[in-house]
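Some notes on the structure that comes next.
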Amino acid sequence: MSNNPSNNLTFQNYEQAIAWQKGHRVSTPKIGQTAPDFQLLDLEGENPASLSSFRNHKPVALVFGSFS
């Protein structure tokens with residue numbers, strides 16, 4: 001993990017994630033408002049993909065969960 005989680009947003013544990021959240025204003029977009037952009041790596045961890053790269057092209061569904 002990088003020394004600055006604000007740039008990486010990868011946390012090693014729940015406590016780190018909660019500490020980051022408490023230090024940042026976290027809000028959800030209103031209906032019809034554009035979602036904030038973010039970037040993730042593909043499943044191989046090699047190629048970045050940003051939410052904005054799909055705007056006006058394809059619908060996007062985010063699914064969070066454990067696949068272990």
### Message
So GLN39 ticks every box in (1) touching a Pro at 6+ places or on another chain (Cβ under 6 Å); (2) at pLDDT below 85 but one. Which box is left unticked?
### Response
(2)
## Note on the structure
Over the stretch 1-23, the set of residues assigned to a loop (DSSP other than H, G, I, E, B), surrounded by 10 or more Cβ atoms within 10 Å (Cβ to Cβ) and at pLDDT 80 or above is PHE11
### Task
Could you please tell me which pairs satisfy a Cβ distance under 8 Å, a separation of 6+ or placement on different chains, a first residue in the stretch 1-17 that is within 16 Å of PHE38 (Cβ to Cβ), and a second residue that is at pLDDT 55 or above and of a type in the set (A, V, I, L, M)?
PHE11/ALA17
### Message
Every residue in the stretch 31-47 that is surrounded by fewer than 10 Cβ atoms within 10 Å (Cβ to Cβ) and either touching a Cys at 6+ places or on another chain (Cβ under 7 Å) or not polar (S, T, N, Q) (or both), please.
### Response
ILE31, GLY32, ASP42, LEU43, GLU44, GLY45, GLU46
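The values are calculated or read from the model by the stated rules, or taken from the named source; none is laboratory data. Just so it is clear, the structure is predicted and the values come from calculations on it, not from any experiment. Positions of Cβ are generated from backbone atoms using ideal geometry, with glycine treated the same way; all protein chains shown enter the neighbour counts.
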